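Okay, structure first, notes after.
The values are calculated or read from the model by the stated rules, or taken from the named source; none is laboratory data. Predicted, not measured: the structure shown is a model, and the values here were computed from it. As a convention, Cβ positions derive from the backbone with ideal geometry for all residues, glycine included, and neighbour counts pool all protein chains shown. Heavy atoms of the whole protein, side chains included, go into the accessibility calculation; ligands, DNA and RNA do not. Shrake-Rupley method; radii C 1.70, N 1.55, O 1.52, S 1.80 Å.
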Amino acid sequence: STMKNKLLALILTLAMAVSLTGCVKVVKIGEEAQLTGKQEFNATDSVQGMWESAEANIEEKAVDLPAFLGEAGGGLKSLVDKYGKYSMGTSGSISYAVKGSGVVEEVNQEKKAGYMTVKLDGYDGSEIIKIQIGSIYKGSSTRDTLDIIRFGDYTNQEEWAAVSQELHSQIDANVIQPADPGSLQGKTIEFVGTFTADSNDELLITVVKLEAK
């Protein structure tokens with residue numbers, strides 16, 4: 001395997017280094033690329049480069065939330081083949097892109113993972129609609145909904161997780177902070193975002209667009 005070959009090459013290199021100089025070269029973290037030729041993955045650069053495409057991708061496929069909830073009839077996972085996306089291709093958690101508008105009933109910033117509760121326009125069902133407002137964002141529905149990237153594009157689980165976290169950083173800086181959630185109580189907002197269907201009675205939406213009307 002290439003991993004074995006790489007290890008052998010590294011052992012040989014180290015053995016040569018020791019025999020030539022009597023000391024081992026210590027490679028600083030972050031400088032491995034100069035030695036191995038592999039560029040260190042940078043989630044910030046990667047996500048910043050695709051942020052606008054990611055936003056557009058989610059907006060394009062966002063389903064009208066009241067219609068979606070009506071169609072789901074209390075079973076949010078039931079619409080996966082029509083609108084959803086599995087986190088691992090054909091298995092894993094199910095995420096959807098949705099859009100809607102409504103009145104902000106409550107803004108909760110006491111918790112690190114803050115949220116707003118929204119009374120959705122054009123819908124009278126019992127589901128609780130929450131929008132994440134940070135500073136900590138739960139889940140990975142933004143990443144998992146995107147069609148422009150997939151798990152196979154990344155070297156490992158750490159890089160895949162870093163992409164999700166960096167998407168949340170972009171959302172916090174570009175969407176949530178400018179909207180000033182603390183000032184939105186009682187206001188009507190429009191949003192586009194994503195959520196993972198892990199409960200049928202509560203939706204926790206991570207938005208890529210948020211505007212007070």
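Structure notes:
- Some residue of segment 16-30 being modelled with pLDDT of 90 or more and open to solvent by 80 Å² or more (accessible area, probe 1.4 Å): no
- Verdict on residue 123 being open to solvent by 30 Å² or more (accessible area, probe 1.4 Å), touching a Pro at 6+ places or on another chain (Cβ under 8 Å) and on the phi < 0 side of the Ramachandran plot: yes
- Candidate set: segment 170-208, residues that are part of a strand (DSSP E or B) and charged (D, E, K, R); chosen: the one least open to solvent (accessible area, probe 1.4 Å): 202
- Tabulated pairs, segment 85-99, first free of Cβ contacts under 8 Å to residues at least 60 places away in the same chain, second surrounded by fewer than 20 Cβ atoms within 10 Å (Cβ to Cβ) and in a strand (DSSP E or B), C-beta under 6 angstrom, 6+ apart or interchain: 92/86
- All of 159, 211 fail the test of being charged (D, E, K, R), open to solvent by 50 Å² or more (accessible area, probe 1.4 Å) and not in a loop (DSSP other than H, G, I, E, B), apart from 211.
- Filtered residue count, segment 109-152, keeping only those that are without any contact (Cβ under 8 Å) to a residue 24 or more places away in the chain and touching a strand residue (DSSP E or B) at 6+ places or on another chain (Cβ under 7 Å): 2
- Which listed residue is within 15 Å of residue 198 (Cα to Cα), open to solvent by 20 Å² or more (accessible area, probe 1.4 Å) and of a type in the set (D, E, K, R), from 82, 61, 77: 77
- The one condition in (1) more than 12 Å from the chain's Cα centre (by Cα); (2) at pLDDT 95 or above; (3) in a loop (DSSP other than H, G, I, E, B); (4) not polar (S, T, N, Q) that residue 110 fails to fulfil: (2)
- Segment 61-107, residues that are under 21 Å from the mean Cα position of the chain (by Cα), of a type in the set (A, V, I, L, M) and either at pLDDT 95 or above or within 22 Å of residue 132 (Cα to Cα) (or both): 62, 63, 65, 76, 79, 80, 94, 97, 98
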